[in-house]
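Let me begin by presenting the structure, written as structure tokens, before commenting on it.
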Amino acid sequence: MTKSPTGHTAFPGAVPGAAPEAVPGPASAPLLSVRKLAVTFTQSSGPDIPAVEGASFDVRPGETIALVGESSSGKSVTAMALMGLLSSGSGSGAGPVITGQALFRTSDENTVDLLSLPEPALRAIRGRDISMVFQDPMTSLNPVLTIGEQISEVLMTHDGLSRRQTRAPVISLLTRVGLRNPEDLISRYPFQLSGGMRQRVMIAIALACRPHLLIADEPTTALDVTVQARILTLLRQLQAETGMAIIFITHNIGVVAQIADRVVVMYSGQIVESAPVRDALDTPLMPYSRVLFRTVPTYEAVLARRRHLPTIPGHVPDPRHRPQGCTFHPRCTHFVHGPCDTFRLSPEHATPDHEVRCARWREIARD
Amino acid sequence: MTDAFVSRLARMAVTLAIVSVTGFLLLHLAPGDPLAQFALSPGMTATQLGAMRHQMGLDAALPLQYLRWLGALLTGDWGRSFRDHQPVLTIILGHLGATLELAGTAALLAIWTGAAAGLYGAFRQGSRADHLITVASIILLSIPTFWFGLVFISLFSVRLGWLPSGNIHTVGAPFSPADYLKHLILPATVLALASAATWSRYTRNAVADVLGQDFIRTARAKGLSPRKIRSRHVLRNALLPMITLAGLQFPTLLSGALVTETVFTWPGIGRLFLDSLEYRDYPVAMGILMFSAVLATAGSIVTDALYTVADPRLRQARP
Ligand SMILES: Nc1ncnc2c1ncn2[C@@H]1O[C@H](COP(=O)(O)OP(=O)(O)O)[C@@H](O)[C@H]1O
Ligand code: SF4
Ligand SMILES: [Mg+2]
């Protein structure tokens, strides 16, 4: 069941539910185009926390992007910023300072900047055009509402259905995510379900309005290994059915090889490498990604072993006191004085679709 | 369900037994004599006093007295007042209405204002209003009820003359609802103050706690409006701890009523209790004690039942 990096057969139609169109070429217009995204948490006491700096990447229709990197490298903050979920949304607490641009093509064919869209307009996109699945299915569902209520409220909000009208689509959603006895399930509460079942319910909620983009933030990390594999299979199958794009945040390199078309590596709030999955796994250029992927050098080997991220000596720098120059330099085996610790680096194109943020990538590529 | 209910009843019985023994001991061991009032009557001889003491059963050993009282109570006989020989239950029921009206009004006031302030603070965490509500609540909680009673009387009754300082209605005047309400406002407000502060603190924390939960983030990711999120997701979950508080506040309100009724000469059970203590009217005092204890334990049973209704996790999980 190896999925080729561009092996999507479906593409989300402009009208939800329309017949899938032909596979678009790599040149097809991006569904989401993130440019220079920066997120800075300001604190009343102490220095600012630049959680994400200058992140740029594209997501094409039907494509799967794997966002990888050590814990606290800024993956979740990136996702939450795109969803507009970093401020509290209820008027209290200003939230972080977010700059940059994230152009998104909505289902009604408008192009909007997610980062500057007012909250009500963003609400119409959340859960309809862009959905999110979170890491912990145990806490992500409301404990006092039934499964049926929690799925149907998305349909009621975005599709204007009445409670009664949602029954049939809710049952069909539960069936699609592989849950048995959906008629019985709709009146159940989350505590009556296993972790894997709850994550399937979360996926059903996310899919309810046929989103064009699904952001899955470590959706399998909290689950057992066997359950993880099944959820992953489900996501791939649903993607084949719907043609949605996926931003898949993960720690698991095996998962990357299985699901991703492109890999985006984050380190210390910056995107340090971005490439098609084969290039990223076979010929990573930035020393950090090389450590991530090199230990098992080939794409096939990674696929076979389902490795987790290897650990690297040292630790992710405190975002308030990042090192000068390349933020990875204190841990880098290719470090040289001057190029590595003087200037902040910008991403460079190694090939048209392979970007890398490293002063020495040319020499490293020659190795 | 039935098992749990039976064990609840058993625990309730144990609680009541402990309350009765403790109350009985404290009453009888405290200095003072129910016959003191008669001893001062002119022409009362020691022999007559002794006969009275015997007739009232006060010359028996304490354990025996307790068992006699308990035995009678278990057959539904609450005894008679030492003072006027009225049946204890009749006296209590005669004063119950006034207390329920006072405590009920106070509870409504406290819940509405307290919960509203708490919600406001929780939804605007860190705002000036939030800080203000927190500080006001702490101040209210740290000042005793009787102080507020005296200050309110001196301000609104004595100084401003807006509201009566005591009693349930104007003495000698025919009953009118307006007159009754005027008399109710001050004591109900005073009784509500501390409780409102508790409700405000508790609601704020409960709601703030819910707001930080992952499922609220899920609700926002679904594109729900803030209003929908509050009414469906936040309140439904914050309701659970608030039900608990309602149960906890019930006995607190009863004991607060004792002070308030005394300050405002409100003819309820609280004042009746203090009077019965003053006159060493053991049957009435014990009756009120047991009556309140039953009310309080019954309140906690009702709370548990409500909690089970509100929280699906506590309902029997279906297989
Ligand atoms: N609400 C917040 N306030 C302050 N700092 C935050 C907040 N959320 C995240 N951060 C910081 O942002 C950085 C990135 O976090 P995150 O995106 O969650 O990392 P991960 O890659 O593990 O998902 C971390 O240093 C974290 O401490
Ligand atoms: S810039 Fe220098 S320190 Fe940074 S990753 Fe490249 S080689 Fe290593
Ligand atoms: Mg994360």
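Results, tabulated for the structure shown:
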| read-out | value |
| --- | --- |
| Answer residue from region B:84-128, given it is within 14 Å of chain A (Cβ to nearest Cβ) and hydrophobic (A, V, I, L, M, F, W, C) and is surrounded by the fewest Cβ atoms within 10 Å (Cβ to Cβ) among those | B:L119 |
| Every residue from region A:318-346 that is open to solvent by less than 60 Å² (accessible area, probe 1.4 Å) and away from ligand 1 (no atom under 16 Å from the Cβ) | A:G325, A:C326, A:H329, A:R331, A:C332, A:H334, A:V336, A:G338, A:C340, A:D341, A:L345 |
| Condition check for A:Q270: more than 14 Å from chain B (Cβ to nearest Cβ) and surrounded by 21 or more Cβ atoms within 10 Å (Cβ to Cβ) | yes |
| Subset of region B:223-266 [of a type in the set (A, V, I, L, M, F, W, C) and within 14 Å of chain A (Cβ to nearest Cβ)] | B:L224, B:I229, B:V234, B:L235, B:A238, B:L239, B:L240, B:M242, B:I243 |
| Filter pass, A:V97 being away from every other protein chain (no Cβ under 14 Å) and modelled with pLDDT of 95 or more | no |
| Residue count for region B:277-289, restricted to those that are surrounded by fewer than 21 Cβ atoms within 10 Å (Cβ to Cβ) and closer than 15 Å to B:V21 by Cα | 1 |
| Within region A:153-176, tally of residues that are open to solvent by less than 10 Å² (accessible area, probe 1.4 Å) and within 11 Å of chain B (Cβ to nearest Cβ) | 3 |
| Hey, A:T175 farther than 30 Å from A:P30 by Cβ, within 16 Å of ligand 1 (Cβ to nearest atom), among the polar types (S, T, N, Q) and not in a strand (DSSP E or B) or not | no |
| Unique residue being over 18 Å from the mean Cα position of the chain (by Cα), among the polar types (S, T, N, Q) and more than 30 Å from A:G127 (Cα to Cα) when the list is B:S200, B:S255 | B:S200 |
| Boolean, A:S187 is of a type in the set (S, T, N, Q), farther than 29 Å from A:A280 by Cβ and surrounded by 24 or more Cβ atoms within 10 Å (Cβ to Cβ) | no |
| Selected residue (criterion: least open to solvent (accessible area, probe 1.4 Å)) from residues of region B:162-220 that are in a loop (DSSP other than H, G, I, E, B) and touching a residue at least 40 places away in the same chain (Cβ under 8 Å) | B:G166 |
| Close pairs from region A:47-59: first over 16 Å from A:P96 (Cα atoms), partner modelled with pLDDT under 95 and open to solvent by 30 Å² or more (accessible area, probe 1.4 Å), Cβ under 6 Å, at least 6 apart | A:D58/A:P30 |
| Residues being free of Cβ contacts under 8 Å to residues at least 60 places away in the same chain and either of a type in the set (S, T, Y) or facing chain B (nearest Cβ under 8 Å) (or both) - total across region A:123-148 | 10 |
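The values are calculated or read from the model by the stated rules, or taken from the named source; none is laboratory data. What you see is a predicted model, and the numbers here were worked out from it, not measured in a lab. FYI the Cβ positions are ideal-geometry reconstructions off the backbone, even for glycines, and counts take in every protein chain you see. Areas reflect the complete protein model, heavy atoms only, side chains present, ligands, DNA and RNA absent. Shrake-Rupley method; radii C 1.70, N 1.55, O 1.52, S 1.80 Å.
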